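Trainee: Here it is: the structure, laid out below.
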Amino acid sequence: MSDDSCGAPAGGVTITKDKAGKEAIVEGRVLRADGNPVATGYARLLGTGDEFVAEVPLGDDGGFRFFAAPGDWTLRVLAPGGVRLEQTVSADIGHVTTVEFAV
Amino acid sequence: MSRSDALVDADWVESRIDTPGTVIVEVDEDTSAYDKGHIPSAIKIDWKKDLQDPVRRDFVDKIGFEALLSERGIANDDTVVLYGGNNNWFAAYAYWYFKLYGHQNVLLLDGGRKKWELDSRELTRDVPSRAKTSYTAAEQDASLRALRDEVIAAIGKRNLVDVRSPDEFSGRLLAPAHLPQEQSQRGGHIPTAKNVPWSKAANEDGTFKADQELTDLYAGEAGVDFGKDTIAYCRIGERSAHTWFVLHEILDLPNVKNYDGSWTEYGSLVGVPIEIGEGK
């Protein structure tokens, strides 16, 4: 993953809570009922009024991560088979907010 | 150019897999995506390793582009169908690039990799073998690309369309929300630019919105004057290639340029005007 691009990084969750630094990180995983990851799909970060902010493909471990601004966000997960799930989250500078989706 | 000349849907692409004279090409920001599975018969172009000069900040030159396409087995008269992840950002960037170097028969798969995946269409890890060609590129088409000085001269005179997110436009963020916040020296936007995030042109599945919706978005809601020339920019030029595609290829507006230097260049220039906040 190049950090001078605007695109979607490879998914996966590796940042630990003490590494958030000055970032407001929202990350998580999408799992099936049997606990296996959903590796094909997308996580979207939406602001007020469903305003699109960012989107990443899910990693092999079903993971996703956003470097958000502080505040309240909606996370939406899209996956094959018409899967469309949502959760609201709050992001704070210096913190990693973790979210889990069950399909 | 119009929507039907530039965009194809997944059924169309599926019907042309392994068709001689059609080359399907995946261009992703996540360059490992192709290796995990791609449309059958598709080859890969790496937007950075293949399309960027390895030393200077610029494209590969004409000779480099010719060598790339020759090595990948793309001929001058082939129809090239581009697709990629992330709502086709980098596929649109590659499309613009192919047009810059004069390849006429180039198409974009509407919805790109995302729509293909969400539809559960076939992906393969088989890498096709293509015979080398002897590709000849045209000189770069300067009518499609804006450089720094032209952008500065366009302030207050032409449409400047900043396609980044509102937080980047206002200067609150320097990069999209899924990337670490670094890069340009200053935040904000080019004075007089209209903020029309690229995402407003796309549906949730990555396909482009209908022509009338797009016209309403730019000319109506955002106040872009379709009677004037336009320059689109983002952070490094690929999201703005997506918007360039909308304005120049789908809506058929003349004189639309992509500023690929974008905010990583402009936001680090000494002495140029910058506006912060929501725009005027």
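Here, each number is a calculation from the coordinates, and none is a lab measurement. Small disclaimer: the values here were computed from a predicted structure and weren't measured. Note that each Cβ is placed from the backbone with ideal geometry, even for glycine, and that neighbours are counted across all protein chains shown.
Trainee: Kindly put B:His248, B:His242 in sequence by how many other C-beta atoms sit within 10 Å of each C-beta, fewest to most. It would help to have the intermediate numbers written out before the result.
Mentor: Values: B:His248 24, B:His242 28.
If I rank by nearby Cβ atoms, fewest first, I get B:His248, B:His242.
Trainee: Let me understand the protein assembly as shown better: what is its radius of gyration from the alpha carbons, and its Dmax, in angstrom?
Mentor: Both quantities, over Cα of the protein assembly as shown: 20.0, 59 Å.
Trainee: Okay, next question. Based on the Cα gyration tensor of the stretch B:143-266, what are the three equivalent ellipsoid semi-axes, each the root of five times an eigenvalue, rounded to whole Å and given largest first?
Mentor: Details: eigenvalues 88, 62, 30 Å².
Calculated on Cα positions only, the semi-axes equal 21, 18, 12 Å.
Trainee: In Å and on Cα atoms, what radius of gyration and Dmax does the stretch B:3-140 show?
Mentor: My reading of the Cα-based Rg and Dmax gives 13.9, 40 Å.
Trainee: Anything over 29 Å Cα to Cα? Flag those among A:Lys22/B:Lys114; B:Lys49/B:Lys257; B:Lys62/B:Lys209; B:Lys48/B:Lys132; B:Lys49/B:Lys228, in the order listed. Kindly include the intermediate steps, with their values, before the conclusion.
Mentor: Numbers: A:Lys22/B:Lys114 31 Å; B:Lys49/B:Lys257 24 Å; B:Lys62/B:Lys209 34 Å; B:Lys48/B:Lys132 21 Å; B:Lys49/B:Lys228 35 Å.
Distance filter (> 29 Å) returns A:Lys22/B:Lys114; B:Lys62/B:Lys209; B:Lys49/B:Lys228.
Trainee: Here is a further query. With the alpha-carbon atoms as the only input, what is the per residue convex hull volume for the stretch A:19-102 in Å³?
Mentor: Dividing the Cα hull volume of the stretch A:19-102 by its residues yields 81 Å³.
Trainee: Right, here's the next one. In nm², what is the average projected area of the convex hull enclosing the Cα atoms of the stretch B:204-280?
Mentor: 6.1 nm²
Trainee: Let me ask you something else. Using +1 at the Cβ of each Lys and Arg and -1 at the Cβ of each Asp and Glu in chain B, identify which of B:Ser268, B:Val196, B:Ala75 lies farthest towards the dipole's positive end.
Mentor: Comparing the listed Cα positions along the dipole, B:Ser268 ranks first.
Trainee: Same structure again: Specify the angular offset, from 0 to 90 degrees and rounded to the nearest 10, of the alpha carbon long axis of helix B:85-100 from the longest principal axis of the alpha carbons in chain B.
Mentor: On a 0 to 90 degree scale, this one is about 90.
Trainee: Another question about this same structure. How many angstrom lie between the C-alpha centres of the stretch B:108-180 and the stretch B:214-280?
Mentor: So the separation of the two Cα centres works out to 12 Å.
Trainee: Taking the stretch B:172-234, how much of its Cα-Cα pair set, in percent, is spaced more than 20 angstrom apart? Intermediate results must be reported in sequence, preceding the final value.
Mentor: On the way: 780 of 1953 pairs.
So the portion of pairs separated by more than 20 Å is 40 percent.
Trainee: Would you mind calculating the relative contact order of chain B from Cα pairs under 8 angstrom and at least 6 residues apart, reporting the percent as a whole number? Please report the intermediate quantities before stating the final value.
Mentor: Working: 563 pairs, mean separation 57.6, N = 280.
Computed over chain B, the figure is 21 percent.
Trainee: Right, here's the next one. List the GluC sites (Glu not before Pro) within the stretch B:128-181 that DSSP assigns to loop and that have no more than 12 neighbouring Cβ atoms inside 10 Å. Don't jump to the answer; show the numbers that get you there.
Mentor: Details: sites: B:Glu139, B:Glu150, B:Glu168; in loops: B:Glu139.
Listed in order of number, the matching sites are B:Glu139.
Trainee: In chain B, how does Rg compare with the Kirkwood Rh, expressed as the Rg/Rh ratio over alpha carbon atoms?
Mentor: Working: Rg = 18.2 Å, Rh = 19.1 Å.
Over the Cα atoms of chain B, Rg/Rh equals 0.96.
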